[in-house]
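Report on one structure; see the data block that follows.
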Amino acid sequence: MAEDLPEPDRIPGAPHPRETTRLFGQATAEAEFLNAHATGRLHHAWMLTGPRGVGKATLAWRIARFVLATPEAGDGGLFGAPPPPETLDIPDDHPVARRLRALAEPRAWLLRRGPNDKETALSQFITVDEVRKMKSFFALSAADGGARVAIIDSVDEMNTAAANALLKLLEEPPAGAIFLLISHQPARLLPTIRSRCRELRLAPLAPDALSQALAQAGGAVDPQAQAALAELGGGSVGEAFRLTNLDGLDTYAGLVALLGTLPRLDRARALALAETAAARGAGETFDLILFLIDLFLARLARAAATRETPPEAAPGEAALFARLAPQPAAARPWAELAQTLSLRARRGKAVNLDPAALLMDTLLKIDETAGLLAAR
């Protein structure tokens, strides 16, 4: 049944962005929107961009609460306009905040992937029918004549017909409408959609902001592990949440220790890792290990190319990078291997290749490349 399906815009185990009141590490983006509001230059369409998990949806919901609960600039009464707000904060017990948390605010619309035709799973895309429902919402007059907000999470998930339908709305926006488009990969969107939006770019989170955001989401991180988690998570709360739930830091440390045996890979330890990832019910662990291998190779290639060792995400990582890629020329072979292995992994998963065999083959390919580079 459709009501039993997970929310497509929620990280499993974490609060939904509409339930998250604080946003960490994105003061610049917040200030840009506040300035536009204070000066009466509020654009009708805002595109919130940046890597996954850095707070784009949380900011969208903060903006929605703020816009629907705050008078527009110039709406002063008998004694003139109040000073412009210095923050997007709205009290948790404000009626607008309560209604938005319950998805019961009549002036707000959430556009996201819905159920498929059989209502047995979520659709892969936001369809044109969903956009038409949003258009009908804007066709209705607002009860108080004020602003109405639509959050699109995410615009990347629209199919072609849906994107074209959205474009028509952006070209001729309804009165009082504010569109908040969340995009993880804006370069893949229609240029005509991007050109009609004002961009708010969110940056990867620094270790302290990431730790605070993770704690708010219900995760916990040892202060000594903040830097490592920020490195592996790419400054993304969503990725950091997954890493903490699956003991990602320990897994990465074990992977670095195993790869420390290159170019003579400890095959017994490699096989043990492969069998662990292939155990019944270990699908998330398998995906995590593949992700961490890809991340290790990317970090290795970047360290070789830039001759700058990133902050260690595991003990011994820096020394291992220096040994496996002592010269800038080693960057290209490692980068090409990362691309090849990533493609092989996707194909292997698509045809249900044995996880242990796929992972073992991946480790042996890494061992082979290490051996070839060592022999040069």
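List of remarks:
- Scan of region 234-260 for residues that are in contact (Cβ under 8 Å) with a residue 40 or more places away in the chain, farther than 18 Å from ARG10 by Cβ, among the small types (Gly, Ala, Ser) and in a helix (DSSP H, G or I), ordered by number: GLY248, ALA253, ALA257
- Odd one out for LEU100 among (1) at pLDDT below 90; (2) in contact with a helix residue (DSSP H, G or I) (Cβ under 9 Å, 6 or more places away or on another chain): (1)
- Region 166-180 residues that are in contact (Cβ under 8 Å) with a residue 12 or more places away in the chain, paired with ones that are among the basic types (Lys, Arg) (beta carbon under 6 Å, 6 or more apart): LEU170/ARG196; GLY176/ARG148; ALA177/ARG148
- Residue list for region 275-313, restricted to those being over 21 Å from LEU358 (Cβ atoms) and out of contact with any Phe, Trp or Tyr (no Cβ under 7 Å at 6 or more places or on another chain): ARG299, ARG302, ALA305, THR306, ARG307, GLU308, PRO310, PRO311, GLU312
Okay, residues lined up against (1) out of contact with any Leu (no Cβ under 8 Å at 6 or more places or on another chain); (2) surrounded by 15 or more Cβ atoms within 10 Å (Cβ to Cβ); (3) at pLDDT below 95:
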site: VAL256; (1), (2), (3): no, yes, no
site: ARG269; (1), (2), (3): no, no, no
site: LEU273; (1), (2), (3): no, yes, yes
site: PHE296; (1), (2), (3): no, yes, no
site: PRO311; (1), (2), (3): yes, no, yes
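- Across region 160-172, the qualifying residues are those that are surrounded by 16 or more Cβ atoms within 10 Å (Cβ to Cβ) and either under 13 Å from PHE138 (Cα atoms) or polar (S, T, N, Q) (or both), and the one among them that is nearest to the chain's Cα centre (by Cα) is LEU166.
- When residues of region 314-326 are limited to those that are of a type outside the set (A, V, I, L, M, F, W, C) and part of a loop (DSSP other than H, G, I, E, B), the one least open to solvent (accessible area, probe 1.4 Å): GLY316
- Members of region 103-112 found to be under 11 Å from ILE151 (Cα atoms) and in a loop (DSSP other than H, G, I, E, B), listed by number: ARG112
- Looking across region 33-51, just one residue is under 21 Å from the mean Cα position of the chain (by Cα) and open to solvent by 20 Å² or more (accessible area, probe 1.4 Å), and that is PRO51.
- Residues that are touching a Ser or Thr at 6+ places or on another chain (Cβ under 6 Å) and modelled with pLDDT under 90, drawn from region 200-234: GLY219, VAL221, GLN226
- Looking only at residues in region 317-360 that are of a type in the set (D, E, K, R) and either touching a Ser or Thr at 6+ places or on another chain (Cβ under 8 Å) or at pLDDT 95 or above (or both), the one that is nearest to PHE291 (Cα to Cα) is ARG344.
- The one condition in (1) closer than 23 Å to LEU100 by Cβ; (2) at pLDDT 95 or above; (3) open to solvent by less than 10 Å² (accessible area, probe 1.4 Å) that CYS197 fails to fulfil: (3)
- Check on GLY248, closer than 19 Å to PHE291 by Cα, at pLDDT 85 or above and either of a type outside the set (S, T, N, Q) or open to solvent by less than 40 Å² (accessible area, probe 1.4 Å) (or both): yes
- Tally, over region 327-364, of residues that are closer than 13 Å to LEU262 by Cβ and open to solvent by 70 Å² or more (accessible area, probe 1.4 Å): 0
- When the residues of region 100-110 are filtered to those that are touching a Leu at 6+ places or on another chain (Cβ under 8 Å) and open to solvent by 20 Å² or more (accessible area, probe 1.4 Å), the one that is farthest from PRO17 (Cα to Cα) is ARG107.
- For region 346-356, taking the residues that are part of a helix (DSSP H, G or I) and in contact (Cβ under 8 Å) with a residue 40 or more places away in the chain, the one that is farthest from the chain's Cα centre (by Cα) is identified as ALA356.
- Of residues in region 1-32 being in a helix (DSSP H, G or I) and of a type outside the set (A, V, I, L, M), the one nearest to the chain's Cα centre (by Cα): PRO17
- When residues of region 111-159 are limited to those that are closer than 25 Å to PRO191 by Cα and of a type in the set (Asp, Glu), the one least open to solvent (accessible area, probe 1.4 Å): ASP153
The values are calculated or read from the model by the stated rules, or taken from the named source; none is laboratory data. Nothing here was measured: the structure is a model prediction, and the numbers come from that model. Heads up, the Cβs are rebuilt from the backbone with ideal geometry, glycines too, and the neighbour counts pull from every protein chain shown. For accessibility, only protein heavy atoms count, side chains too; no ligands or nucleic acids. Shrake-Rupley method; radii C 1.70, N 1.55, O 1.52, S 1.80 Å.
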